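To start, the structure under review is shown below, and the notes come after it.
Just so you know, all these numbers are worked out from the coordinates, no wet-lab data involved. Remember, it's a predicted structure, so these values are computed and weren't measured experimentally. In this analysis, Cβ positions are derived from the backbone assuming ideal geometry, glycine residues included, and neighbour counts consider all displayed protein chains.
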Amino acid sequence: MWLNKIKTALVLEEVERISSLIDEIPHFDTLAQMEEAAYLLAQCKILLEQHQSQNAQRLKEIKNTLDFLKSTQTQPPSSLNLKF
């Protein structure tokens, strides 16, 4: 049952579901089940690393956009700018 759930989550790229399933890894009865689980977990690791890389790239793009927007705004006069 767990193997089917992890396969489904992997195919659908459901990162949160994969994470919760990893927390619930059951005891496997056969060597074949253990090998299949190991392979699926390796695939999950690859998927999670790809998502992490994509998120890092998105954050970098957002930061660059914010920096650009800040640089194009005019600076308001300082409230300490006193003229006598």
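Assorted remarks:
- Taking the stretch 9-55 as the range and being exposed (fewer than 13 other Cβ atoms within 10 Å of the Cβ) and β-branched (V, I, T) as the test, the residues that pass are V11, I25, T30, I46.
- Taking the stretch 29-69 as the range and being of a type in the set (F, W, Y) and touching a Leu at 6+ places or on another chain (Cβ under 9 Å) as the test, no residue passes.
- Residue in the stretch 45-53 that is in contact (Cβ under 8 Å) with a residue 12 or more places away in the chain and out of contact with any Ser or Thr (no Cβ under 9 Å at 6 or more places or on another chain) present: yes
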